[in-house]
Number of protein chains: 2
Amino acid sequence: MSSKTSILLQAFTGTNKTVPVWFMRQAGRYLPAYRKIKEKHRLEEMFGNPDLAAKITCLPLKSLEVDALILFADILTLPSRMGFKITFSDQLGPVIASPIQKESDLKKIHNFDNLDSVSQTIHKIKQQIPDHLPLIGFAGAPFTVLCYLIEGGSSIHFNKTFRFLYTKPSSFHKMMTILTENTIRYLKLQQQAGIQVFQLFDTWAGILKASDYQNFILPYVQKIFTQVKLPSIYYLRGSQHLLALMEKSEAHFLSLCHEVVLGQDPILEKTRLGVQGNLFNLLLYADKRMLKQELQKVLQGARHHQKYIFNLSHGVLPDTSVEKLKFLIEQVHQFPWTNSA
Amino acid sequence: MSSKTSILLQAFTGTNKTVPVWFMRQAGRYLPAYRKIKEKHRLEEMFGNPDLAAKITCLPLKSLEVDALILFADILTLPSRMGFKITFSDQLGPVIASPIQKESDLKKIHNFDNLDSVSQTIHKIKQQIPDHLPLIGFAGAPFTVLCYLIEGGSSIHFNKTFRFLYTKPSSFHKMMTILTENTIRYLKLQQQAGIQVFQLFDTWAGILKASDYQNFILPYVQKIFTQVKLPSIYYLRGSQHLLALMEKSEAHFLSLCHEVVLGQDPILEKTRLGVQGNLFNLLLYADKRMLKQELQKVLQGARHHQKYIFNLSHGVLPDTSVEKLKFLIEQVHQFPWTNSA
């Protein structure tokens, strides 16, 4: 590392003097340069081609002073190398050609064969960016990936997943075990290639009630955070009812959804974990005056925590204005960071 | 009323000795008799034809000993008589032909012209059912209805709704005002026709953070519960982060989603409101042994409340077994109801 230090990495020890910022989906459709690339290439190609994926990862640097980059890949990149044929549709999102439907389909889940393209992408990114700018790697959490593999794509009620979970619990555990092992190997591969932090995306786990989360998800997530020895962030959408359990995940940071009010949550008040988030991503539709007000509420609430990274509640939406993201970053960086924790 | 008393109505005063049960979507696709009707008629016809709607409302009585019936209608029945052309698709759900897109579209929202078919449906239902069996009326809450009218149908992120809310807050308030007035008139019409209880479905309000809920939704909901003088239930999906505010809604009962653990929630512990719910609807996929265990947890938790009605967390799903619903009702009715509140 150069003499310039990374405020994102400092945040993991609580030694930063400025609040670090990055955005989920910061390399995405809201950027004109991204849209140009997407006109010429299919998503499968954008994820699988190291030159292209590295280029896309670095796109935000041209317009935004973010404090970290996040690897351009998909949470289904891993299962796409575990025997599943996955395509991406603009309307439907990911589509899994032959999803898991019955107990015997368990044998469809292999260990992953080859993810060299991801290692190569990471190498290429590292060549292009300054030493002090950290690269965040990531993986989908086993439950969230399994939801896609069982539903065959996105879902509203996740009926098939719950039917499997409640009628074949031991097979469900077996699938979680295989996915967990693969996720650990995948994250270690990313670590070897050069990522400095990783985020685990458990997007869908918020659909579970607490007791099911505790039985079916938490032990696997704990295993990942214990075995992958890197600064870590755990993201879960719709997380408020699970905070007490997420606190036991062994992650270093929890990334929170907009339902949680920073500085007012009784469970978070007691945690020693770092907190990431949680400005509601749709607030970027508001004008700058309102945006600033809402941002101040989040930042003031964040002062209750010793370790804090600014982010949105969820990914940047395609119709978000670059100008407003710039404004947010400026405001966050100007905020006098003296936490009271 | 006959000498037989309704345990559902007793629950509103906490004088019942048995826990009452009904299910959201109890007149729905899981019933073979419903599916037969649906083969021959479009949904618009089923909602709009009083003979058919009354018949469908009463269908559950043939197989289930539920303690109340709920009017067969849609939460978009009201706006369909307020100038919006609404059709129902099996794949997409409701489709609004020309949704609200800009400020000037405000003039599209009229007062409703004629909902006689709903009054007639209620009259016909009352003729067919025993006096002691209460009929629950309902309406969609203004925000939830407005979500459909702005999005043009169902949505995942509700981008258009939030864009409207954050960029045109005063127009948003105007639309909420008109919808609230219409909802009150609609519920009073149902009251005059003979419903004894009503439930307000605020299905989508859980997408809001607490401060937005407080500014944009709560005052309107309070107005409805204050002005419609009938025993009332307030339903909201994904409600855990809003419970403290929902508690101020002026409803008599709160219907809770599966994220809330009865008997363990600090806000509910203090409320004097009745509680309805909240067995996770997808648990009906589990076998009877597991179903019974989970039901017992819900019922034991419910003992912390003086007023309680059993229901699911959400509507009965189309692939739910009638047999298991029967089993649930038996178990609930056998449960020794001595609350500790």
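The values are calculated or read from the model by the stated rules, or taken from the named source; none is laboratory data. All figures in this text were calculated on a predicted structure; none of them were measured in a lab. Methodologically, a virtual Cβ is constructed for each residue, glycine included, from the backbone with ideal geometry; neighbour enumeration extends over all protein chains shown. Surface areas here come from the heavy atoms of the whole protein model, side chains and all, with no ligands, DNA or RNA. Shrake-Rupley method; radii C 1.70, N 1.55, O 1.52, S 1.80 Å.
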Legend entry - Residue among A:Gly206, A:Gly277 that is crowded, with 23+ Cβ neighbours inside 10 Å and under 15 Å from the mean Cα position of the chain (by Cα): A:Gly277
Legend entry - Residue list for segment B:92-106, filter: open to solvent by 20 Å² or more (accessible area, probe 1.4 Å) and either assigned to a loop (DSSP other than H, G, I, E, B) or out of contact with any strand residue (DSSP E or B) (no Cβ under 9 Å at 6 or more places or on another chain) (or both): B:Leu92, B:Ala97, B:Ser98, B:Pro99, B:Gln101, B:Lys102, B:Glu103, B:Ser104, B:Leu106
Inset, instruction - Could you check, for segment B:3-13, whether at least one of its residues is over 18 Å from the mean Cα position of the chain (by Cα) and not in a loop (DSSP other than H, G, I, E, B)? - result: yes
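Regarding B:Arg237, is this residue among the charged types (D, E, K, R), open to solvent by 50 Å² or more (accessible area, probe 1.4 Å) and within 20 Å of the chain's Cα centre (by Cα)? Outline the logic, then answer.
Numbers: among the charged types (D, E, K, R): yes; open to solvent by 50 Å² or more (accessible area, probe 1.4 Å): yes; within 20 Å of the chain's Cα centre (by Cα): yes.
Criteria met by B:Arg237.
Within segment B:257-292, work out how many residues are part of a helix (DSSP H, G or I) and of a type in the set (S, T, N, Q).
First, the residues of segment B:257-292 that are part of a helix (DSSP H, G or I): B:266-270, B:281-285, B:288-292.
Narrowing the set further to residues that are of a type in the set (S, T, N, Q) leaves B:281.
Number of matching residues: 1.
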Inset, instruction - State all residues of segment B:37-86 that are open to solvent by 30 Å² or more (accessible area, probe 1.4 Å), acidic (Asp, Glu) and touching a Ser or Thr at 6+ places or on another chain (Cβ under 9 Å); if no residue qualifies, say none. - result: B:Glu44, B:Asp51, B:Asp74
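Does B:Ser89 satisfy the condition of being of a type in the set (Ser, Thr, Tyr), open to solvent by 20 Å² or more (accessible area, probe 1.4 Å) and over 12 Å from B:Tyr148 (Cα atoms)? Quick ask: steps written out before the conclusion?
Values: of a type in the set (Ser, Thr, Tyr): yes; open to solvent by 20 Å² or more (accessible area, probe 1.4 Å): yes; over 12 Å from B:Tyr148 (Cα atoms): yes.
So B:Ser89 fits the description; yes.
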Inset, instruction - Could you identify the single residue in B:Gln306, B:Gln331 that is farther than 20 Å from B:Gly238 by Cα and outside any helix (DSSP H, G or I)? - result: B:Gln306
Legend entry - Qualifying positions in segment A:280-298 - more than 11 Å from chain B (Cβ to nearest Cβ) and either touching a residue at least 40 places away in the same chain (Cβ under 8 Å) or open to solvent by less than 60 Å² (accessible area, probe 1.4 Å) (or both): A:Leu295, A:Gln296
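Yes/no per residue for (1) surrounded by fewer than 21 Cβ atoms within 10 Å (Cβ to Cβ); (2) in contact (Cβ under 8 Å) with a residue 60 or more places away in the chain; (3) among the basic types (Lys, Arg):
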residue: B:Asp116; (1), (2), (3): yes, no, no
residue: B:Gln128; (1), (2), (3): yes, yes, no
residue: B:Ala141; (1), (2), (3): no, yes, no
residue: B:Thr144; (1), (2), (3): no, yes, no
residue: B:Ile150; (1), (2), (3): no, no, no
residue: B:His157; (1), (2), (3): yes, no, no
residue: B:Arg163; (1), (2), (3): yes, no, yes
residue: B:Lys188; (1), (2), (3): yes, no, yes
Inset, instruction - Go through segment B:162-202 and count every residue that is within 12 Å of chain A (Cβ to nearest Cβ) and not in a helix (DSSP H, G or I). - result: 1
Inset, instruction - Identify all residues within segment B:299-324 that are touching a residue at least 40 places away in the same chain (Cβ under 8 Å), farther than 20 Å from B:Ala11 by Cβ and open to solvent by 50 Å² or more (accessible area, probe 1.4 Å); write none if there are none. - result: B:Pro318, B:Asp319
Legend entry - Condition check for B:Gly238: within 12 Å of chain A (Cβ to nearest Cβ) and at positive phi: yes
Legend entry - Subset tally (residues that are within 21 Å of the chain's Cα centre (by Cα) and of a type in the set (D, E, K, R)) for segment A:299-313: 1
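Yes/no per residue for (1) over 26 Å from A:Phe172 (Cα atoms); (2) touching a Phe, Trp or Tyr at 6+ places or on another chain (Cβ under 6 Å):
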residue: A:Asp212; (1), (2): no, no
residue: A:Ile233; (1), (2): no, yes
residue: A:Gly238; (1), (2): no, no
residue: A:Met246; (1), (2): no, no
residue: A:Val261; (1), (2): yes, no
residue: A:Pro266; (1), (2): yes, no
Inset, instruction - Could you identify the single residue in A:Glu39, A:Glu44 that is outside any loop (DSSP other than H, G, I, E, B), at pLDDT below 95 and among the acidic types (Asp, Glu)? - result: A:Glu44
